[in-house]
Amino acid sequence: MGVLCLLVEFFPSRFARLSVLAILGMTAFSVSATDIEPRSYSNIPVGLNFLIAGYSYIKGNVTFAPSVPITNGKLEIHSGVLAYVRSLDIWGKSGKLDIIIPYAGISGQAEVLGEPRDREIAGFADPLFRFYVNLFGAPALSMKEFASYKQDTIIGVSLAVSAPGGQYDPSKLVNVGTNRWSIKPEIGISKAWGPLTSEVAAGVYVFTDNNQPFQGNTLEQDPIYNIQGHLIYSFGSGIWGALDANYYSGGRTTTDHIVADNLQQNWRVGATLAFPLSRHNSIKLNGSTGVYSRTGSNYDIIGIAWQYRWGEGF
């Protein structure tokens, strides 16, 4: 979830910032190009509220442009997120609204001109607001009506907006916020066969310019195109698991009319397991790893999230 920048304050390279920005934010409720979030387009009863607290640990390598004398970049991120979700009735269609506040602590090491350097930083990342509506196959239902609902095919759309509200200092290369807006429209399709459900979603991230980049005037980024797929199995009693995959491409950056050789092309795979603790509480575990990265920036993620739900019918 998250939009985090590089850990190497001591060298003036905007490419370094974006090489890490493109790989971070992989909590269970992440908001970057690396999102892997199953069941985004499932139907839920209207009038429910969800409070979510999550934690994820990210560790991996960072690869820089050949023109940048930074090598052996490694990072660790301890990321937390607090989110509120409300299920909605949108003119008879089911929908939901997400409000997500991420926080991250980042530490990293790299060699600059052969000399080892360390960097640590922590702060709030950019908040995210996300709106979903299921256009087909998922009518708005009360808790009582939902008891007899059986999913077949669902087609939905969503719009995510990330605002520049995170920690940002233009005099520093290392920042947790990005000092810009991002918008992601997406379409998703979910199909159920008894306890097995397949889900595919495709979207595009569009970014405004950062007009206060470190040692520059304007930082631009091309759109990032994203597709993710999930195979989800319901074990009953509220327990479900998923196998997840995600591909994204694009995101080449331009700083003061100079185009960087940092086109992103990445494959990731992962798994998710969710189970209830009680009527109101549940836990979700997730993990993912990189399969292929054009820039060589590979990393692993493990995460856990607690969810509390309440509302009409509970």
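Every number here is computed from the coordinates shown, using simple stated rules; none is lab data. Predicted, not measured: the structure shown is a model, and the values here were computed from it. Cβ atoms come from the backbone with ideal geometry, glycine included; neighbour counts cover every protein chain shown.
Expressed as a whole number of Å, what is the distance separating the alpha-carbon centroids of region 256-287 and region 164-233? Between the Cα centres of region 164-233 and region 256-287 lies a distance of 12 Å.
Proximity of backbone amide H atoms, modeled 1.01 Å from N, is registered between residue 166 and 126, 178, 179 at under 5 Å, excluding neighbours fewer than 5 places apart on the same chain. Debye-formula intensities of region 161-314, expressed as log10 I(q)/I(0) at q = 0.21 Å⁻¹, are -1.37 (one equal scatterer per alpha-carbon, no solvent).
Apply 1/(1 + (r/R0)^6) to the Cβ-Cβ distance of residue 135 and residue 292, taking R0 = 45 Å, and write down the FRET efficiency to the nearest 0.05. Before the final figure, lay out each step's value.
Working: r = 33 Å, r/R0 = 0.74.
Efficiency computed from Cβ-Cβ geometry: 0.85.
Extension gain for the segment residue 225 to residue 181, taken as residue separation times 0.36 nm less the Cα-Cα distance, is 14.2 nm to one decimal.
Given R₀ = 30 Å, what would the calculated FRET efficiency be for residue 145 paired with residue 304, taking r from the Cβ atoms and rounding to 0.05?
Details: r = 32 Å, r/R0 = 1.08.
Computed FRET efficiency for residue 145 and residue 304: 0.40.
All C-alpha to C-alpha distances of region 198-245, sorted into 10 Å bins beginning at zero, yield P(r) values of 22, 26, 20, 18, 12, 3 percent in whole numbers.
Arrange the peptides 122-131, 281-290 so that the one whose residues have, on average, the most other Cβ atoms within 10 Å appears first. Mind dumping the intermediate values first?
Details: 122-131: 20.1, 281-290: 18.1.
By packing density, highest mean first, the sequence is 122-131, 281-290.
Among the listed pairs 93/191; 144/184; 59/96; 96/184; 96/284; 59/191, those with a Cα-Cα distance over 22 Å are 144/184; 59/96; 59/191.
Pop the C-beta distance of residue 169 and residue 243 into the FRET formula with R0 = 45 Å and round what comes out to the nearest 0.05. Using R0 = 45 Å, I get an efficiency of 0.65.
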